[in-house]
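The values are calculated or read from the model by the stated rules, or taken from the named source; none is laboratory data. Bear in mind the structure is a predicted one, so any value in this text is a computation, not a measurement. Note that each Cβ is placed from the backbone with ideal geometry, even for glycine, and that neighbours are counted across all protein chains shown. For accessibility, only protein heavy atoms count, side chains too; no ligands or nucleic acids. Shrake-Rupley method; radii C 1.70, N 1.55, O 1.52, S 1.80 Å.
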Amino acid sequence: MPTPHNKAEMGQIAKTVLMPGDPLRAKFIAETFLENPVLFNDVRGMLGFTGTYQGRPVSVMGSGMGMPSIGIYSYELYSQYGVENIIRIGSAGSYTDKAKLYDVVLATGAYSESSYARTQNGCEDDTLAPSAELCDALRASAAKLGIPMVEGVIHSSDVFYRHDDRTNPTYWERLRDEKGCVAVEMESFALFHNANVLGKRAACLLTISDSFVSSEATTAEERQLSFTNMMKIALGAEV
Ligand code: ADE
């Protein structure tokens, strides 16, 4: 460290890092929720800040979109900067009417067709688990705040614009029925894999931004506001 993608010096990043996909959301979280936020990275615009929340040091840094991107940033945080806990906070498309627009989802596993884990170290698993301790800390935080969470396996997809609407059942319906997937996002499988291979902890909270069931979607402005619940749960996790 510094790395090709992160100019922070050792000691500038907290042991717990919250990772939204969007670096501007990282800036918003730092400026809105953290005390004394200090910028530690702006390489490629991937903003990262460290501050404190209720007295606990915490960092927040963008991950970018997709598994290659979060794969690079999370690997470097764990392996170069002594980070122990990464909590992804992102958006997801719902595959079930049990997860409605704006609901917060806690991932209990990430199913993926991605080659990330196989390419990284030959791992053939198609479903990877988050850290049980981190999930328990998030459950305790959500309970304390009185915010309900939907729990379930999520689909980590490499493809946002799929042409699957002519199959019957559709691809997403099969993932829901055969793999138990409640929602789709694009990062957690790589994050969970990196945590597993490096002996670290990862978890993922998602806010439903669109629904494959009802075809509803939120605007960028609505998303910004509704993500507050998820951020509070993540920040309140005592890890
Ligand atoms: N994140 C939010 N909505 C999504 C979707 N429909 N597909 C993949 N990732 C998403």
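Taking H as built 1.01 Å from N, whose amide H comes closer than 5 Å to the amide H of Thr3, not counting residues under 5 places away?
Ala8
Extending each Cα 7 Å along its Cβ direction at Glu221 and Asp97, get the distance between those two points in nm, one decimal.
So the label points at Glu221 and Asp97 sit 3.0 nm apart.
Cα gyration tensor of segment 64-194, axes a ≥ b ≥ c as square roots of the eigenvalues: rounded (a/c below 1.5), prolate (a/b > b/c) or oblate? Write out the running numbers ahead of the final one.
Numbers: a/c = 1.96, a/b = 1.12, b/c = 1.75.
Since a/c reaches 1.5 but b/c is at least a/b, the shape of segment 64-194 is classed as oblate.
Can you list residues from other chains, or at least 5 along the same chain, whose modelled amide H is less than 5 Å from the amide H of Cys181?
Here Arg176 satisfy the definition.
Using the Karplus curve 6.51 cos²θ - 1.76 cosθ + 1.60 with θ = phi - 60°, what ³J(HN,Hα) values do you get for each residue of segment 151-163, in whole Hz, with x for Gly and Pro?
10, x, 6, 10, 9, 9, 9, 8, 10, 8, 9, 8, 9
Could you pull out which residues in segment 113-128 have an amide N less than 16 Å from a spot 7 Å beyond the Cα of Arg174, following the Cα-Cβ vector?
113-114
List the aspartates and glutamates whose Cα sits under 17 Å from the Cα of Lys98, skipping any in the same chain fewer than 8 residues away.
Excluding near neighbours in sequence, the set is Glu151, Glu173, Asp177, Glu178, Glu185, Asp210, Glu216.
How much accessible area per residue does the chain have, counting only protein heavy atoms and a probe of 1.4 Å, in square angstrom? All intermediate terms of the calculation are to be shown ahead of the outcome.
Details: 10720 Å² over 239 residues.
Averaged over the residues of the chain, the accessible area is 45 Å².
What list of ³J(HN,Hα) couplings, whole Hz, do you get for segment 107-122 from phi and the Karplus terms 6.51, -1.76, 1.60, once you set θ to phi - 60° and write x for glycine and proline?
Rounded to whole hertz, the list is 6, 9, x, 10, 8, 8, 8, 4, 8, 3, 5, 5, 5, 5, 8, x.
Taking every DSSP beta bridge that has both residues in segment 1-66, what percent is antiparallel when rounded to the nearest 5?
Details: 11 of 13 bridges.
The antiparallel proportion sits near 85 percent.
Label points 7 Å out from Cα along the Cβ direction at Thr32 and His5: separation in nm?
2.5
Run the numbers on segment 1-104 and let me know its relative contact order in percent, using alpha-carbon pairs under 8 Å that are six or more apart.
On the way: 188 pairs, mean separation 33.4, N = 104.
Reported as a whole number, the value is 32 percent.
Nearest 0.05, what FRET efficiency do Asp136 and Thr52 give at R0 = 22 Å with Cβ-Cβ as r? Walk me through the numbers before you get to the answer.
Numbers: r = 23 Å, r/R0 = 1.03.
Efficiency computed from Cβ-Cβ geometry: 0.45.
Only bridges whose two residues both fall in the chain count here: according to DSSP, what percent of them are antiparallel, nearest 5? It would help to have the intermediate numbers written out before the result.
Numbers: 19 of 46 bridges.
The antiparallel fraction comes to roughly 40 percent.
Kindly identify segment 1-56 as rounded, prolate or oblate by the Cα gyration tensor criterion: order the square roots of the eigenvalues as a ≥ b ≥ c, call it rounded if a/c is under 1.5, otherwise compare a/b with b/c, prolate if a/b is larger, else oblate. Present the calculation step by step, with values, prior to reporting the outcome.
Numbers: a/c = 2.12, a/b = 1.28, b/c = 1.65.
The shape class here is oblate.
Below 8 Å between Cα atoms, with a sequence gap of 6+, how large is the relative contact order for segment 16-236 in percent? Working shown, then result.
Details: 460 pairs, mean separation 60.0, N = 221.
So the answer I get is 27 percent.
Please list, ordered by chain and number, the residues whose modelled amide H lies under 5 Å from the amide H of Ile86; skip anything fewer than 5 residues away on the same chain.
Excluding prolines and chain starts, which carry no amide H, the hits are Val17, Arg201, Ala202, Ala203.
What part of the accessible area of the chain, given as a whole %, is carbon or sulfur when the probe is 1.4 angstrom?
Values: 5560 of 10720 Å².
Summing carbon and sulfur atoms, their accessible area is 52 percent of the total for the chain.
So what is the 222 nm mean residue ellipticity for the chain from helices alone, if each DSSP H run of at least 4 adds -39500 (n - 2.57) and you divide by all residues, rounding to the nearest 500 deg cm²/dmol?
Result for the chain, helices only: -10000 deg cm²/dmol.
HN-Hα J couplings of segment 204-210 from phi, Karplus 6.51/-1.76/1.60, θ = phi - 60°, integer Hz, Gly and Pro as x?
For segment 204-210, the Karplus curve yields 9, 10, 10, 10, 6, 10, 7 Hz.
Taking Cα atoms, how many degrees apart are the long axis of helix 23-33 and the longest axis of the chain, rounded to 10 and kept between 0 and 90?
Tilt relative to the chain: about 60 degrees.
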